[in-house]
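Undergrad: Before we start, here is the structure in question, set down as C-alpha cells.
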Amino acid sequence: MPASSLTFAFLLTVCFTLATWLQPWHQSWAGGRSQSGSLLDVVVGDSRKLFANHFFVRADVYFHSGYYPSIFDQAIGGAPHMTAVQNAAAGSEAARESEPAEGTGFLGPPRDWIDKFGRNFYPSHHSHLDKPGEAREILPWLRIAADLDPHKVETYTVAAYWLRQHLNKVDDAEQFLREGWRANPDSYEILFELGRVFDENRHDVQRARNVFELALRKWQERAARDGKQNEFLLEQILAHLAEIESREGHYEKALSYLGRVKEISPRPDAIQRQIDELKKKLAGATSNNNSEPPQGGKN
Amino acid sequence: MKSILKIQDLVVEFRTREIGQKIKVAVNHLSLEVFPGEVFGFLGPNGAGKTTTMNVLLGFVPATHGSAYIFDVNVREPIARQRIGYLPELTYYYKFLTAEELLRFYARVFRIPRAEAGPRIDEVLKLVELNAARARPIKTYSKGMQQRVGLAQALINDPDLLILDEPTSGLDPIGRMKVREIIQRLKAKGKTVFFSSHELGEVETVCDRVAILHNGELKAAGRVTDLEEKYKCNLEQAFLKVIGYQPGL
Amino acid sequence: MNNALAIASIVVKELYRRKDFYVLFVLTAVITLLMGSLNFFNDDKIVRYLKEICLLLIWISALAIAVGTSARQIPSERENRTIFPLLAKPVTRGQMIAGKFLGCWLACGVALIVFYLFFGVVAASREHQWPLASYFQALWLHWWMLAVVIAVTLLGSLVFAAPSSNATICLLVIVGILLLGRHLNKIAIQMADPMSAVVYGVYFVIPHLELFDVRDLIVHNWEPINWLVFAGATLYAAAYTAVFLFAAWLVFRRQPLA
C-alpha cells in the first residue's frame, strides 16, 4: 500500500479518535453559555459581569466628575475606593464616613514635576454632582450595567435612590426596581428600596408595609438558606417598619421591631432611647383610652 | 570650454546582503565630462553602472570616493539640481494628482512665479501632447501618457541640463520618434542632454558623444563617428567589441 | 519653507481625496447619533455619556488618520518611486521630512476641526451652552498631541521595514503611553531596584501624550486650563516633535534611495 494512503488513513483515525474524546468534553465545557437564548450571553459570556461592574464604577466616576483613583492609585493607597454613589444611596452617615475629607484625596502631593504639571489636565479635585438634576449623568451607566448583569442588585437600588430622591422620577424608579425584582425575586435589597418608594415618595403606607414585610421575610429565608446576610440592611428594614407602625399608632408592633433592631444595631443606646420614647407614647395612648367614658352608658 | 557636468574618479560601492557582507563595486573610478550644448549618450549593458552613476549625480546615492559636479556645484548640494531636469526610467507620479497639479507642484518647488508657471505649464503640456488630458488624474493615464508626463515635469523649469534614464523605454515607435524630436529641439535651443539608452540606433542618430560603461568601468568615450572609425564598424558592433562580447559563448 | 509647504499641500490633497477621513467621520457621527437616540429613564438632558462616547470616537479616528497617513508617506514614495522625481528637484531631505510632517499635521488639524465642530453641535443640542475656551483648548492640545504622534510615526517609517509594522508598533506605543504614561511613576514606586530605576527612566523620557487628553475636563464641564500651563504644554509638544523630526532627518539623510 502506498505511503500516502497509509498516512491519510492514520490521520483519519487520529481525527476520529480526537473527535470522540473532545465532543463530550466540549459539551460539558460550553455549559449554559451555549444553551443560552441571549445573544449577549453567548457572545460575551461571563465577562459581561466584568463589564457590568466596570460601568457601575463608571457611574461613580461620573458622580465625582471624573475625579477618581485608577487601579494604580488604589494599589498605592491600599484600600479600594468605596463607591460614593452607592454609599449615598445606602445612607448619609456611611457616605460621610467613607468619603475623604475636603482638601485631601487619593492623589496626595505630586511626586515629580510631570505629575504636578499633569494635574492641570485632568480632574484633580474632589467633586460631586451636587447641583439639582446633575445626578442624571450617572444614569446611563447604571442602565447599561443593569442590562449587562441583571443580577447585580445594587445597580437597581442605587439608580432608584437617585431617580426618586434627587431627580423626582418616582415612576421610573419604581419601574426600574420592579424590573430588578423580576430578575432577582429573592432580593430583599430591591424590595427594601421599593418599600421606600411607596413610603417616602408615594406615601402609600399599606403597600410600603407589605413590601417591607416581604423584604424581611426574604432576608430571613436567605439567612436560613445561605448563611450570614447584610445585617445593616436588616436594621434598616426593621427601622422602617417600626417607623411606619409608629406613625400609624401601632406602638406595640413598633416596639417589637425596635427591639429586634436593638439586638443588631451598633448603636443600641440610641435605639433604646427611641424605645423609651415609644413606650411613653404607648403609655400616653393607653391612659387616654382608659379615661374616655364608655360609649352608651346607663342613664 | 568649461564642462557642464564633471565626474572625477567616481567610485560607488555597495555592501551586499550576503553573509560576510561582500562589497559590490557598482562604479569603478569613473571620470568623464559633458560640455554645454551637446547630447551625450551613456551606454552599457544591464548592470554596467549607468543608473548608479545617474543616482550619484542626482544625490540619491552617496559616492564612496571621488566627486561629481553640475554647473561647478557639488552634486551633494540641492542647489545643483536647480537647473536640471530628470526623467527616471520608470515613471511614477502621484496618481491622485492631475498632470496640471503635478506640474504646478514642481513649478512651485522650482520657485517659478505663479504668473510664469501658468504659461510654462501650458507650453510644456502642449509640447508633450497632454493638453487634452491635463485635468484627469494620472492614475487614468496609459504608460505612454505617463512617460510624457515624466518628460513634462523634467522640462517644467526650462532646464539647461536634462538627465534622461532610458527615455524611450516602453514607448511605441511613434512615442520614440517624438522623444527624439524633443531631444533634437532641446539641442537646437542650446540645452545639454545626458541620457542612457539601450537603443543604439537612436543614440547614433541624436548623440554627439557617447561613453560606454561595463562592470562599472569606462571602456570607451568619444564622438560616435570617431568610435566607428576606430573599430571599423557601426556603433552597435563597436559597443559589443568594447564590452568584450563574443557571440556563441 | 516653500518646498516644505509645497510638499505639505500634496499630502493634504492626498488625504481629502482618499476615503479614510470621510469613512471615519461618518462612523463617528452615526455611532454618536445612535447613542444619542437611546432613552435613559425618559431624561433627554443627559449629555455627559454622549460627550464621552463622541470624544472617544474622535480620538480613535484622529489617531487612525494620523498614524495611517504618516506611516505610509515615505514608504509609499519609495515604493511608487515618486521620491526620485521629487528629490531630483532642489529639495533637501530635511525639507521632505518637514513637508510630510506639515502635510499630515495640517490635514489632521482640518479633520479635527470638523470632528470637534460636530462634537460641539451634539453637546450644545443638550447642554445649550458652548464653553468655547475649553473646546478650543481641547482641540489645540489634541492637535499638538497628534504632532508628536506624526513625528514619531515618520521616524518609525524610516526605521521599520513595512508601513504596517510601523503603524502597529507606533499605535501600541502611543496607546500604551496614553493609558499608562501618567501611572509609570506609581508603578516604579512598587518595584524593586533596578527595575524601578528603569521604569522611572522610561517615565521621564517618554513624551507624556496623556497630558493632552483633556476629555475628562470637557465631559465633566471643568474650568478651562490656566493659559500659562496651556502654553507650557504646547511648548512641551513642540519640543518633542522637534526631537523626533530631527531624529528622522538624521536617519533619512544618509539612507540610500536606490
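Undergrad: Kindly list the number of the only condition in (1) away from chain A (no Cβ under 13 Å); (2) without any contact (Cβ under 8 Å) to a residue 40 or more places away in the chain that fails for C:Ala151.
TA: (2) is the only condition that C:Ala151 fails.
Undergrad: Restricting the search to the stretch B:107-119, which residues are facing another protein chain (nearest Cβ under 7 Å) and either surrounded by fewer than 18 Cβ atoms within 10 Å (Cβ to Cβ) or out of contact with any Lys or Arg (no Cβ under 6 Å at 6 or more places or on another chain) (or both)? Talk me through it step by step, then tell me what you get.
TA: As a first pass, look at the stretch B:107-119 and keep what is facing another protein chain (nearest Cβ under 7 Å): B:108-111.
If the condition is that a residue be facing another protein chain (nearest Cβ under 7 Å) and either surrounded by fewer than 18 Cβ atoms within 10 Å (Cβ to Cβ) or out of contact with any Lys or Arg (no Cβ under 6 Å at 6 or more places or on another chain) (or both), then B:Arg108, B:Phe110, B:Arg111 are the ones that fit.
Undergrad: Of all residues being of a type in the set (A, V, I, L, M) and more than 12 Å from chain A (Cβ to nearest Cβ) in the stretch C:182-198, which is nearest to A:Ala75 (Cα to Cα)? Just the residue, please. I'd like the intermediate steps shown before the answer.
TA: Taking the stretch C:182-198 and keeping what is of a type in the set (A, V, I, L, M), we get C:184, C:187-189, C:191-192, C:195, C:197-198.
Cutting the leftovers down to more than 12 Å from chain A (Cβ to nearest Cβ) gives us C:192, C:195, C:197-198.
Numbers: C:Ala192: 15, C:Met195: 18, C:Ala197: 19, C:Val198: 20 Å.
Applying the filter and picking the extreme gives C:Ala192.
Undergrad: From (1) under 20 Å from B:Pro36 (Cα atoms); (2) crowded, with 19+ Cβ neighbours inside 10 Å; (3) at pLDDT below 85, pick out the condition that doesn't hold for B:Thr192.
TA: All conditions are met except number (3).
Undergrad: Which one of these does C:Ile53 not meet: (1) more than 14 Å from every other protein chain (Cβ to nearest Cβ); (2) hydrophobic (A, V, I, L, M, F, W, C); (3) free of Cβ contacts under 8 Å to residues at least 60 places away in the same chain?
TA: (1)
Undergrad: Quick one: would you say B:Leu97 is away from chain C (no Cβ under 13 Å), buried (at least 16 other Cβ atoms within 10 Å of the Cβ) and at negative phi? Talk me through it step by step, then tell me what you get.
TA: Numbers: away from chain C (no Cβ under 13 Å): no; buried (at least 16 other Cβ atoms within 10 Å of the Cβ): yes; at negative phi: yes.
No: the conditions fail for B:Leu97.
Undergrad: Condition test on A:Leu107, is it surrounded by 14 or more Cβ atoms within 10 Å (Cβ to Cβ), touching a Phe, Trp or Tyr at 6+ places or on another chain (Cβ under 9 Å) and within 8 Å of chain C (Cβ to nearest Cβ)?
TA: Answer is no for this residue.
Undergrad: Further question on the same structure: Starting from residues that are among the polar types (S, T, N, Q), within 25 Å of B:Leu57 (Cβ to Cβ) and in contact with a helix residue (DSSP H, G or I) (Cβ under 8 Å, 6 or more places away or on another chain), keep the ones in the stretch B:195-248 and report whichever is surrounded by the fewest Cβ atoms within 10 Å (Cβ to Cβ).
TA: That would be B:Thr205.
Undergrad: Can you name the number of the only condition in (1) closer than 23 Å to B:Phe42 by Cβ; (2) buried (at least 16 other Cβ atoms within 10 Å of the Cβ); (3) not aliphatic (A, V, I, L, M) that B:Pro173 fails?
TA: Only one criterion is unmet by B:Pro173, namely (2).
Undergrad: Of everything in the stretch A:114-134, what is more than 10 Å from every other protein chain (Cβ to nearest Cβ), touching a residue at least 40 places away in the same chain (Cβ under 8 Å) and either surrounded by fewer than 18 Cβ atoms within 10 Å (Cβ to Cβ) or under 19 Å from the mean Cα position of the chain (by Cα) (or both)? Give them in sequence order.
TA: Within the stretch A:114-134, just A:His128 meets the criteria.
Undergrad: Further question on the same structure: I need the full set of residues from the stretch B:102-140 which are of a type in the set (Lys, Arg) and within 24 Å of C:Leu5 (Cβ to Cβ), in order please.
TA: B:Arg104, B:Arg108, B:Arg111, B:Arg114, B:Arg120, B:Arg134
Undergrad: Tally time: how many residues in the stretch B:72-91 are more than 7 Å from every other protein chain (Cβ to nearest Cβ) and not β-branched (Val, Ile, Thr)?
TA: Of the residues in the stretch B:72-91, 9 are more than 7 Å from every other protein chain (Cβ to nearest Cβ) and not β-branched (Val, Ile, Thr).
Undergrad: Given the conditions (1) small (Gly, Ala, Ser); (2) within 23 Å of the chain's Cα centre (by Cα); (3) surrounded by fewer than 17 Cβ atoms within 10 Å (Cβ to Cβ); (4) within 14 Å of chain A (Cβ to nearest Cβ), report the number of the one that C:Ala238 does not fulfil.
TA: Looking at each condition in turn, C:Ala238 falls short on (4).
Undergrad: Please go through the stretch B:50-90 and pick out each residue that is at pLDDT 90 or above, aliphatic (A, V, I, L, M) and out of contact with any strand residue (DSSP E or B) (no Cβ under 8 Å at 6 or more places or on another chain).
TA: B:Val73, the sole residue that qualifies.
Undergrad: Now a separate question. Can you tell me which residue among B:Lys143, B:Lys126 is under 21 Å from B:Ser197 (Cα atoms) and loosely packed, with under 15 Cβ neighbours inside 10 Å?
TA: On the way: B:Lys126 fails: under 21 Å from B:Ser197 (Cα atoms).
Criteria check complete, one pass: B:Lys143.
Undergrad: Hey, another quick one. Going through the stretch C:201-235 one residue at a time, which ones are under 18 Å from the mean Cα position of the chain (by Cα) and among the charged types (D, E, K, R)?
TA: Selection gives C:Glu210, C:Asp213, C:Arg215, C:Asp216.
Undergrad: Could you pull out every one of the helices (runs of 4 or more DSSP H) wholly within the stretch A:167-283 that has 2 or more residues that are surrounded by fewer than 19 Cβ atoms within 10 Å (Cβ to Cβ) and within 20 Å of the chain's Cα centre (by Cα)?
TA: Per the criteria, A:170-183, A:205-226, A:231-248.
Undergrad: Could you please let me know if B:Arg104 is within 11 Å of chain C (Cβ to nearest Cβ), surrounded by 19 or more Cβ atoms within 10 Å (Cβ to Cβ) and modelled with pLDDT of 90 or more?
TA: When the stated conditions are applied, B:Arg104 passes them.
Undergrad: Across the stretch B:66-79, what is the number of residues that are surrounded by 14 or more Cβ atoms within 10 Å (Cβ to Cβ) and farther than 17 Å from C:Met96 by Cα?
TA: Selection size over the stretch B:66-79: 8.
Undergrad: Could you please give the count of residues in the stretch B:39-65 that are surrounded by 18 or more Cβ atoms within 10 Å (Cβ to Cβ) and under 14 Å from B:Ala211 (Cα atoms)?
TA: 12
Each row is one residue, and each column tells you yes or no for (1) under 30 Å from B:Pro167 (Cβ atoms); (2) within 12 Å of another protein chain (Cβ to nearest Cβ); (3) in contact with a Cys (Cβ under 6 Å, 6 or more places away or on another chain); (4) surrounded by fewer than 16 Cβ atoms within 10 Å (Cβ to Cβ).
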{"position": "C:Met1", "(1), (2), (3), (4)": "no, yes, no, yes"}
{"position": "C:Ile10", "(1), (2), (3), (4)": "yes, yes, no, no"}
{"position": "C:Phe41", "(1), (2), (3), (4)": "no, yes, no, no"}
{"position": "C:Gly68", "(1), (2), (3), (4)": "no, no, no, no"}
{"position": "C:Val91", "(1), (2), (3), (4)": "yes, yes, no, no"}
{"position": "C:Gln95", "(1), (2), (3), (4)": "yes, yes, no, no"}
{"position": "C:Val110", "(1), (2), (3), (4)": "no, no, no, yes"}
{"position": "C:Leu117", "(1), (2), (3), (4)": "no, no, no, yes"}
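Undergrad: Moving on to the next point. For a quick check of your reading of the model, give me the residue pairs whose first member lies in the stretch C:199-210 and is over 15 Å from C:Leu235 (Cα atoms), whose second is at pLDDT below 95 and of a type in the set (Val, Ile, Thr), with beta-carbon atoms closer than 6 Å and at least 6 apart or on different chains.
TA: C:Val199/C:Ile187
Undergrad: Take C:Phe244 and decide whether it is crowded, with 17+ Cβ neighbours inside 10 Å, more than 12 Å from chain A (Cβ to nearest Cβ) and either over 29 Å from C:Ser70 (Cα atoms) or at pLDDT below 95 (or both).
TA: Here the answer is no, as C:Phe244 does not meet what is asked.
Undergrad: If C:Pro207 satisfies every condition in (1) within 14 Å of another protein chain (Cβ to nearest Cβ); (2) more than 22 Å from C:Phe244 (Cα to Cα); (3) not in a helix (DSSP H, G or I) but one, which is the exception?
TA: It is condition (2) that C:Pro207 fails.
Undergrad: Can you name the residue in the stretch C:210-226 that is more than 15 Å from A:Gly118 (Cα to Cα) and part of a helix (DSSP H, G or I) and, of all such residues, is farthest from the other protein chains (Cβ to nearest Cβ)?
TA: It comes out as C:Ile218.
The values are calculated or read from the model by the stated rules, or taken from the named source; none is laboratory data. Note that this is a predicted model, so its numbers are computed, not measured. Positions of Cβ are generated from backbone atoms using ideal geometry, with glycine treated the same way; all protein chains shown enter the neighbour counts.
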